[in-house]
Each structure stands twice: as structure tokens, then as C-alpha cells.
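The values are calculated or read from the model by the stated rules, or taken from the named source; none is laboratory data. Everything numeric in this text was worked out from a predicted model, so none of it was measured. Neighbour counts run over all protein chains shown; Cβ positions are idealised from the backbone, glycine included. Note: areas computed on protein heavy atoms with side chains; ligands, DNA, RNA excluded. Shrake-Rupley method; radii C 1.70, N 1.55, O 1.52, S 1.80 Å.
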Amino acid sequence: MRKNIQIIGSGFSSMAAACYLAQAGHQVTVYEQNSTVGGRARQLKRDGFTFDIGPTWYWMPDIFERFFADFGKKPSDYYGLKKLAPAYCVYFADGTQITISDAIDEIAQTFESIEPGSGAKLKKFIESARENYEIAIGDLVYRPGESFTELITWETFKKCGLFLKNISTEMRRQFKNEKLIRILEFPVLFLGAKPSDTPYFYNFMNYADFGLGTWHPENGMYGVVQAMEKLGRELGVQFVCNSKVSEIVVENNQAVGLVVNGAFMKSDVVLSGADYHHTETLLPEYNRQYTENYWNKKTFAPSSLLFYVGFDKKINNVEHHTLFFDADFDAHASAIYDHPHWPKDPMFYASFPSITDANVAPQGCEAAIFLIPLAPGLEDSEQMREDYFNLLLDRLEIHTKQSLKSHVLFKESFGINDFKEQYNSYKGNAYGLANTLLQTAFLRPGLKSKKVNQLYFTGQLTVPGPGVPPALISGKLAAGLIQKNQ
């Protein structure tokens with residue numbers, strides 16, 4: 001039966017769900033409070049430069065292929081893809097730079113040159129990671145997190161010991177060189193938790209890195225947003241921007257509509273891809289599933305301080321994705337997870353998309369995106385942002401051996417306060433709820449409200465977790481649950 005379904009927010013999970021629900025024959029309207037769709041994956045244009053405001057990594061291309069295939073399409077029907085070679089490079093405190101190729105044999109040679117014997121170990125490790133990837137992506141993450149029994153399969157039974165071990169300990173058991181260990185721990189950071197708090201089963205992220213490679217979509221990650229919007233419109237989805245939802249209207253414990261820009265919009269089903277905590281504040285308190293105390297006790301993935309910078313010159317000695325692990329990893333992690341504070345000497349990430357795509361910067365110029373992971377909920381001020389920007393540029397100049405400060409045409413920043421104001425993000429988190437053992441699958445906030453009928457959730461605070469590919473999966477799971485319960 002055709003239903004009128006209203007969706008709050010237009011991030012990846014919302015747009016994915018909208019496509020599936022429209023394909024099933026429902027009338028679907030997506031309300032986005034900002035001026036363009038995409039949620040956190042919006043785009044900034046200034047003075048001939050173009051930046052992805054949010055995600056910049058295109059990993060797990062098979063997930064995108066699977067999404068579009070569900071509609072008889074391919075990503076190439078909407079955007080081009082280029083595999084990055086090399087995938088990325090990493091700077092360390094002693095000035096050394098390790099470049100990660102786009103081929104596992106070459107990566108193994110790099111490891112071997114740094115730690116004799118590690119090349120063969122790496123290949124064996126990646127094969128194990130591939131097996132876990134096939135179990136996770138082929139089956140587990142496409143389950144809606146309604147019950148513990150979803151995790152019980154013969155394959156997961158054989159791997160149960162991997163859920164009781166952690167990434168950090170197991171990496172150090174197999175490899176000894178600290179730089180190689182940091183590179184192997186890097187993909188886990190996408191899950192939003194310390195390697196020491198992340199089950200070893202999640203080493204499948206290393207297969208996503210070394211096995212499947214790093215890609216760049218045409219027009220950046222916003223090109224994927226545009227593709228999903230186009231697909232949605234082809235399926236009949238309506239997208240309405242500049243639409244602030246101030247209330248989820250509940251009658252007899254059932255969601256019956258939304259208040260959008262002060263006007264009541266009747267619906268049969270409400271799905272929220274907005275911040276889960278924020279969504280529940282749109283309900284009467286007795287209809288909320290989770291208390292403030294519940295949210296406060298959860299382990300959140302980091303927030304971020306980002307800078308979007310236009311340089312009037314090309315930058316030497318960097319790759320499209322460049323990581324600066326030139327600071328104390330454990331001290332920075334502690335500043336995020338253990339004793340939240342602004343890190344004294346942070347690690348950071350830089351993206352230079354103009355290395356791959358000449359269209360994102362004027363000729364002879366460089367577009368740069370910088371990101372510092374931070375604990376959510378910290379005080380955020382313009383002076384702090386300025387101090388950290390100068391710190392970043394100092395270290396960038398040292399490592400790349402060039403003067404850059406005088407070549408900055410402009411910079412714009414995006415931090416904790418912006419995540420709160422523009423995305424209603426709990427404590428200004430950037431990546432959602434971390435994937436720790438006690439926040440996995442059915443232990444995460446549910447896709448379906450337990451207190452309000454016809455109210456559903458999707459996105460990075462629910463199943464399966466943070467990241468763009470999981471967001472696509474979350475949208476599919478939420479749409480499937482809605483279909484099942486109609």
C-alpha cells in the first residue's frame with residue numbers, strides 16, 4: 001500500500017532510504033534544513049576553488065556499486081571514478097615519509113624495506129582481513145540490528161575470538177615497527193574509536209584500504225551526493241531544502257507528521273536521518289527512548305576542526321591524501337577519548353584534491369582541506385582555530401620543505417560549533433557513535449522507535465555505524481524495516 005513518507009535530513013543514509021522507499025512505490029519527501037542536499041557532505045565554492053565540506057575518502061567501492069545495482073544502475077551512469085596511485089602518504093616525526101601504493105605487492109615491498117619479514121606477514125594479514133570483509137560486508141552489516149541472534153552464524157562463530165581481541169594488541173603481535181603499526185591502525189580510525197577499543201574483527205578495514213584501494217569520484221564526494229539526488233528524483237523523490245523541522249507530531253503514540261517551517265505536514269511514516277539525539281528532542285519527553293544520561297555515557301566518534309584553504313601556488317611533496325602522524329598518537333587519542341581537551345600537539349590529515357582534479361582550483365593554485373580530530377563537546381573559539389591553523393602550516397612547511405603561509409589566498413574553518421549549528425550534532429560530533437564492542441549491531445540505538453509507531457531512524461548513530469558506505473547500508477536497512485512493518 002502506497003504510504004506518504006517524510007524524511008528528516010538529506011545525508012547519505014536519508015537519500016539511500018528515500019530511493020529504496022520510492023522504488024517500492026511510496027510517496028517520499030525529504031526535508032533538508034540547509035540550502036543544498038547532502039547533509040554533512042556539502043560543497044564549498046569560493047574564488048574559483050571547490051571543496052568537499054564533509055567526507056573526502058571514497059573507500060569500499062563495492063558498497064556504492066551494490067547500492068546503484070539495486071536500481072539497475074552503475075556508479076558510472078552518474079560519475080567517473082579514478083583510483084588514486086599512490087593511495088596516500090604518511091609523514092612521521094623524524095621527517096620520514098611512507099607512501100602507500102595502490103597495489104598490495106608494492107605495499108608489501110614497502111613494508112619489507114622497513115621491517116624485514118613484514119612483507120609476507122602483511123600479505124597473510126590482508127588475506128585474513130579479506131575473509132572478515134566478506135563476512136562483514138557480504139552479510140552482517142546488512143542486518144537491521146534488532147537482535148543478538150543476527151550475529152550468530154557459522155562464519156561468525158568461527159571468528160568469535162576476534163571480537164574479544166583488539167586491533168592494537170594484535171597489530172603489535174604481528175608487526176614490530178611502530179610506523180607500520182600506525183599505518184595499519186589508521187583505517188580503524190574511520191570507525192571512530194581507539195584501536196585498543198576496537199575488536200580485531202574490524203581489521204576488515206585494512207582490506208578496504210590495501211585490498212580495494214582509495215578512489216576519487218568526479219566532482220569529489222559531492223558528485224556522489226548529486227548522483228543520489230538525481231537517482232532519487234528519477235524515482236519520484238521530492239527534495240525540499242531550507243526546511244527546518246521543529247517537531248515530530250505524535251498522536252496516540254504514533255507519528256502522524258512533521259512541523260516544517262512552522263507548518264504541519266501530515267505523513268503516514270516519519271524517518272529521520274538527522275542526528276538521533278536531536279531527533280528525539282523533537283518528540284515529547286515521554287516518547288523519547290533514550291535519556292540524556294544514556295547519550296552522555298556513550299562513546300562518540302571524534303569531532304573535527306577543518307580548514308578549507310586556497311593557495312596561490314602548487315604544493316610540493318604531498319599526495320592527494322596526506323597524513324601527518326608526526327605527533328604522539330597515544331597522547332592525541334587520550335585527548336579525544338580519555339580526558340577530553342584540545343590536543344597540545346595533534347596529528348592531522350590533509351587533502352589536496354586539485355592534485356587529481358584540475359577543476360577544483362584555478363590554474364597554478366592548490367585547493368587544500370585540513371582536518372584535526374577532536375573530542376566532541378570542547379570549547380570552540382576563533383582564537384583556538386587560528387592558533388591551530390598556524391600550527392598546521394608550521395608543520396606542513398617543515399615536512400614539505402617550502403614556504404606556504406605567504407601563499408594563502410583565503411581560509412575558511414568548520415568546527416564543533418558549526419557541527420552543532422548546521423547539523424544539530426550531539427556535542428558537535430563529526431562521525432557519530434563509535435564502533436566499540438559494546439556499541440556494535442543490536443547494541444546501538446535502534447532503527448525503529450520502541451515508543452512511537454511509524455517513527456524510524458537511519459544514519460551514523462544507529463546501525464551499522466559511521467562512514468559513508470555504512471550510511472548507504474543504514475538507509476537500505478531502515479527502508480527495509482519500514483516496508484516490513486507496513
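What the table below lists for this structure:
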read-out	value
PHE311 vs. criteria surrounded by 14 or more Cβ atoms within 10 Å (Cβ to Cβ) and farther than 25 Å from TYR426 by Cβ	yes
Yes/no for GLY39 being part of a loop (DSSP other than H, G, I, E, B), in contact (Cβ under 8 Å) with a residue 24 or more places away in the chain and at positive phi	yes
Only listed residue being assigned to a helix (DSSP H, G or I), open to solvent by 20 Å² or more (accessible area, probe 1.4 Å), of a type outside the set (A, V, I, L, M, F, W, C) and within 23 Å of ASP326 (Cα to Cα), chosen from THR110, THR99	THR110
All positions within region 336-377 that are in contact with a His (Cβ under 6 Å, 6 or more places away or on another chain), assigned to a loop (DSSP other than H, G, I, E, B) and open to solvent by 10 Å² or more (accessible area, probe 1.4 Å)	MET347, THR356
Qualifying position, being buried (at least 23 other Cβ atoms within 10 Å of the Cβ), closer than 24 Å to ILE167 by Cβ and out of contact with any Leu (no Cβ under 6 Å at 6 or more places or on another chain), among ASN435, ASN429	ASN429
Residue count for region 93-146, restricted to those that are more than 27 Å from ASN435 (Cα to Cα) and free of Cβ contacts under 8 Å to residues at least 24 places away in the same chain	14
In region 3-48, residue surrounded by the fewest Cβ atoms within 10 Å (Cβ to Cβ) [restricted to those that are touching a Phe, Trp or Tyr at 6+ places or on another chain (Cβ under 8 Å), more than 24 Å from MET265 (Cβ to Cβ) and not charged (D, E, K, R)]	LEU44
Lone qualifier among ASP94, ASP62 - being assigned to a loop (DSSP other than H, G, I, E, B) and either among the acidic types (Asp, Glu) or on the phi > 0 side of the Ramachandran plot (or both)	ASP94
Verdict on THR169 being of a type in the set (Ser, Thr, Tyr), open to solvent by 20 Å² or more (accessible area, probe 1.4 Å) and at pLDDT 90 or above	yes
Scope region 230-245; condition among the small types (Gly, Ala, Ser) and touching a Phe, Trp or Tyr at 6+ places or on another chain (Cβ under 8 Å); matching residues	GLY232, SER243
GLY446 vs. criteria touching a Phe, Trp or Tyr at 6+ places or on another chain (Cβ under 9 Å), surrounded by fewer than 23 Cβ atoms within 10 Å (Cβ to Cβ), outside any helix (DSSP H, G or I) and not charged (D, E, K, R)	yes
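A quick yes/no check of all residues on (1) crowded, with 22+ Cβ neighbours inside 10 Å; (2) on the phi > 0 side of the Ramachandran plot; (3) modelled with pLDDT of 95 or more; (4) within 22 Å of the chain's Cα centre (by Cα):
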residue: SER196; (1), (2), (3), (4): no, no, no, yes
residue: GLY213; (1), (2), (3), (4): no, yes, yes, yes
residue: VAL224; (1), (2), (3), (4): yes, no, yes, yes
residue: LEU235; (1), (2), (3), (4): no, no, yes, no
residue: VAL245; (1), (2), (3), (4): yes, no, yes, no
residue: GLU251; (1), (2), (3), (4): no, no, yes, no
